[in-house]
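**Q** Before we start, here is the structure in question, set down as structure tokens.
The values are calculated or read from the model by the stated rules, or taken from the named source; none is laboratory data. Predicted model, so just to flag it, every value in this text is computed and none were measured. Heads up, the Cβs are rebuilt from the backbone with ideal geometry, glycines too, and the neighbour counts pull from every protein chain shown. Remember, those area values only see protein heavy atoms, side chains included, never the ligands or the DNA or RNA. Shrake-Rupley method; radii C 1.70, N 1.55, O 1.52, S 1.80 Å.
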Amino acid sequence: GHLVLLHGGMSVTARLTVEFLRPVPIEREVEIIARVDSAEGRKLTISGEMTLAASGAVLARAHGLFAQRDNPGAHFDKLDAWLDEQDRIAAEKGAED
């Protein structure tokens, strides 16, 4: 999703698959390269690779489907409304117990 942000857009993740080929060390520098493989309307297929910066050893590969959003504010307003509804349902459920 950050690849789209870097180009001034906004997207949400529809599907993401990550294949870890090696353990990813936490105290070593890594490089991540992502590319748009295809764009069809608002749908973007993006793939990427994570490598160990020092040697270039491939640590992980990923591919995913992302949906571009024209109005991020409206998207997050809908998410907030849905979460508020989930909180209301949980509170009612807790009151019944």
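**Q** Rounded to the nearest percent, how much of the accessible area of the chain (1.4 Å probe, protein heavy atoms only) is carbon and sulfur? List each step's numbers first, then the result.
**A** Details: 4000 of 7430 Å².
Carbon with sulfur: 54 percent of the solvent-accessible area.
**Q** Looking at the chain, which longest stretch skips every one of the GluC sites (Glu not before Pro) that is in a DSSP loop with at most 10 other Cβ atoms within 10 Å, leaving the sites themselves out? Before the final figure, lay out each step's value.
**A** Details: sites that count: Glu27, Glu29.
Free of exposed loop sites, the longest segment is 30-97.
**Q** So, for the chain, what is the accessible surface per residue at a probe of 1.4 Å, expressed in square angstrom?
**A** Numbers: 7430 Å² over 97 residues.
That works out to 77 Å² for each residue.
**Q** Which value in nm describes the separation of the simple spin-label points at Arg61 and Leu79, placed 7 Å from the Cα toward the beta carbon?
**A** Going by the 7 Å Cα→Cβ label model, 2.9 nm.
**Q** Next question, about the same structure. Under a Cβ-only charge scheme (Lys and Arg +1, Asp and Glu -1), can you give me the dipole magnitude of the range 1-95 about the Cα centre, in debye to the nearest 20? Show your work: numbers first, answer last.
**A** Values: 11 positive and 14 negative charges, 58 e Å.
Using only the charged Cβ atoms, the result is roughly 280 debye.
**Q** Amide H neighbours of Met10 under 5 Å, at least 5 residues apart or on other chains, H built in the peptide plane: list them.
**A** Residues meeting the amide H criterion: Arg69.
**Q** Have a look at Leu52, Leu21, Leu83 and tell me which one the Gaussian network model of the chain (Cα, springs below 10 Å) gives the largest fluctuation.
**A** It is Leu83.
**Q** Report the full-extension gain for the segment Arg69 to Val18: residue separation times 0.36 nm, less the Cα-Cα distance, to one decimal in nm. Please report the intermediate quantities before stating the final value.
**A** On the way: separation 51, 0.36 × 51 = 18.36 nm, distance 2.31 nm.
Taking 0.36 nm per residue and subtracting the Cα distance, the gain is 16.0 nm.
**Q** Related question: What residue among Gly64, Gly48, Gly56 shows peak mean-square fluctuation when the chain is described by a Gaussian network model with Cα springs under 10 Å?
**A** Taking springs between Cα atoms under 10 Å, the residue moving most is Gly56.
**Q** Just to check, using Stokes-Einstein with a Kirkwood Rh over alpha carbon pairs, what's the diffusion coefficient of the chain at 4 °C and 1.567 mPa s in µm²/s?
**A** On the way: Rh = 16.1 Å.
Estimated via Stokes-Einstein, D reaches 80 µm²/s.
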